[in-house]
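Peer 1: Encoded as structure tokens, here's the structure I'll be asking about.
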Amino acid sequence: MSGHFCNNDRNLIVHRFSLPRVFAALLAAVGATCVTAAPTWAQGHCVAAMVNDLPITAFELAQRVRFSLLVGRVADSADNRERMARQVLRQMIDERLQLDDARRNGISVDQSEITERLARLEQDNGMPPGGAQASLARAGIPLSVLTDSFRAQIAWSKVVLRKVRAGVNVSAPEVDASLRQLKSNVGKSENRVAEIFIAVDKPDQADEGLRTARRIQEQLRGGAPFPAMVQQFSSGASAANGGDLGWVLPGSLEPALDAAIARMSVNQVSEPIRTQAGWHILKLLAQRSYGRGGANTSGGGGDVRLNMIQLLLPLPPNSSPDEIERQKGLAQGIISQSKSCADLRRQCDRTKGCTSADSEGVSPAALPATIGDAARSAGIGQGLGPYHAGNAMQIVAVCSREGDNGLPSRDTVERTILMTKLEAAARRYMRDVRRNAIIDIRKDCRI
């Protein structure tokens with residue numbers, strides 16, 4: 001648990017600080033709009049801002065504003081462009097600062113990394129090669145709107161690895177204390193929360209930050225997707241995950257945020273909330289009872305091992321859709337009538353052709369992704385499925401967990417503490433980068 005980082009740390013940090021998952025939603029929204037050319041207001045080439053010695057041109061700003069208007073489902077008017085430009089310019093300034101800091105530290109991003117990131121985006125979202133560019137082109141938006149953001153994200157993840165990670169340590173007593181706290185919270189309600197974070201580095205920025213948060217909130221009320229607003233405007237490290245903070249227990253966040261969550265219902269979006277670091281807009285994604293059948297153990301399962309049962313209902317070769325539906329209905333009936341692994345066994349024994357088998361010490365990471373994800377948070381004895389597995393309908397259930405009593409594994413807790421501390425350290429580092437920067441916003445250059 002020292003300050004040295006290994007490949008696992010590197011993959012975790014690159015994923016958390018740079019993976020643009022939500023760009024698929026943005027592309028879907030943009031691709032639905034058929035525009036063949038950018039409007040005339042997007043043709044200015046004056047410099048809208050100088051960030052140290054890096055320019056942001058009016059043309060670049062206008063293209064990003066256009067992208068944001070489409071994604072945010074905001075009407076394209078002069079007033080809306082002006083309001084959106086302030087939000088977008090702030091984000092672009094941060095990206096330039098991140099690129100400049102990377103350059104000062106001898107960090108570069110190869111074109112091959114951009115190409116790989118774009119290919120992964122297309123592959124992960126079922127798009128053909130070149131699909132992202134084609135989707136943007138239909139709206140008259142250049143691919144650089146996407147790739148420039150990728151470049152800043154990749155560069156920043158490298159900066160965090162080199163300049164921040166080495167100073168972040170997780171000690172054994174910290175993990176022990178966290179595990180004790182987790183055990184004391186079993187049975188309490190926990191919440192899955194996403195956030196949009198607007199940083200406030202100086203007291204005189206608080207009012208402008210609030211105005212930005214309120215404009216974002218207006219767009220959300222108008223139907224803008226929350227992940228899209230996160231990706232474009234959030235300064236938090238969680239922006240790479242669509243703002244998802246994961247499952248949090250009461251007392252895990254700052255008091256003002258905890259108090260707001262306690263008043264929220266699922267899918268509700270909060271008013272802007274002020275903390276010392278800035279303004280937050282929260283969305284409550286889900287709620288559940290913590291530790292009942294297992295907490296969230298994403299990240300490979302650590303040292304958690306599952307004792308499971310599998311039921312198979314056979315399908316004839318070359319099954320017709322009707323035959324598949326009949327067996328699926330039979331499987332659903334077994335699940336609905338069972339509340340434990342013992343119930344599942346009894347139901348299987350009573351069902352013609354059904355076979356059951358037990359598996360012990362299974363790592364969630366060794367399971368197919370769909371089943372593994374479900375098994376990590378499933379209740380003990382809860383039937384999962386049915387899944388169409390070759391010539392059978394499959395039901396699985398977790399009968400018990402070993403090594404954690406339904407709590408996150410020690411490895412998972414350590415990674416969670418690491419990422420929490422790393423995010424805070426990266427936020428402080430970015431605050432210092434902003435404070436030391438020379439930023440000249442050219443008010444006479446309009447998009």
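The values are calculated or read from the model by the stated rules, or taken from the named source; none is laboratory data. These numbers were taken from a predicted model, which means no experiment stands behind them. No Cβ is skipped: glycine too gets one built from the backbone with ideal geometry, and neighbour counts run over all protein chains shown.
Peer 1: Pick from 189, 184, 178: which is surrounded by fewer than 21 Cβ atoms within 10 Å (Cβ to Cβ) and free of Cβ contacts under 8 Å to residues at least 24 places away in the same chain?
Peer 2: Exactly one of 189, 184, 178 is surrounded by fewer than 21 Cβ atoms within 10 Å (Cβ to Cβ) and free of Cβ contacts under 8 Å to residues at least 24 places away in the same chain, namely 184.
Peer 1: Further, regarding this structure: Which of the residues spanning segment 238-280 are over 19 Å from the mean Cα position of the chain (by Cα) and assigned to a loop (DSSP other than H, G, I, E, B)?
Peer 2: Scanning segment 238-280 gives 250, 251, 254, 263, 264, 265, 271, 272, 275, 276, 277.
Peer 1: Return the pairs, sorted by first residue and then second, in which the second residue is surrounded by fewer than 16 Cβ atoms within 10 Å (Cβ to Cβ) and of a type in the set (A, V, I, L, M), the first residue lies in segment 151-173 and is over 18 Å from residue 235 (Cβ atoms), the beta carbons are less than 9 Å apart, and the residues are 6+ apart or on different chains.
Peer 2: 168/424; 169/1; 170/1; 171/1; 172/1
Peer 1: Scanning segment 341-359 for residues that are surrounded by fewer than 16 Cβ atoms within 10 Å (Cβ to Cβ) and closer than 16 Å to residue 307 by Cα, which turns out nearest to the chain's Cα centre (by Cα)?
Peer 2: So the residue we want is 359.
Peer 1: Also: Output the qualifying pairs, or none if there are none: Cβ atoms under 7 angstrom, residues six or more apart or on different chains, first residue in segment 198-225 and among the acidic types (Asp, Glu), second residue part of a helix (DSSP H, G or I).
Peer 2: Hits for this filter: 201/431; 201/434; 201/435.
Peer 1: Shifting gears a bit: Return the pairs, sorted by first residue and then second, in which the second residue is of a type in the set (S, T, N, Q) and surrounded by 13 or more Cβ atoms within 10 Å (Cβ to Cβ), the first residue lies in segment 354-383 and is over 13 Å from residue 344 (Cβ atoms), the beta carbons are less than 7 Å apart, and the residues are 6+ apart or on different chains.
Peer 2: Hits for this filter: 359/310; 360/307; 364/297; 376/296; 376/297; 376/298; 377/296.
Peer 1: Separate question: Got a number for residues in segment 91-120 being of a type in the set (Lys, Arg), modelled with pLDDT under 90 and surrounded by 20 or more Cβ atoms within 10 Å (Cβ to Cβ)?
Peer 2: Adding up the residues that qualify gives 1.
Peer 1: Can I ask one more? Name every residue in segment 195-235 that is within 20 Å of residue 145 (Cβ to Cβ), in a loop (DSSP other than H, G, I, E, B) and of a type in the set (A, V, I, L, M, F, W, C), in order of residue number.
Peer 2: 224 - this is the single residue of segment 195-235 that is within 20 Å of residue 145 (Cβ to Cβ), in a loop (DSSP other than H, G, I, E, B) and of a type in the set (A, V, I, L, M, F, W, C).
Peer 1: Right, residue 199: within 23 Å of the chain's Cα centre (by Cα), at pLDDT 90 or above and hydrophobic (A, V, I, L, M, F, W, C) or not?
Peer 2: no
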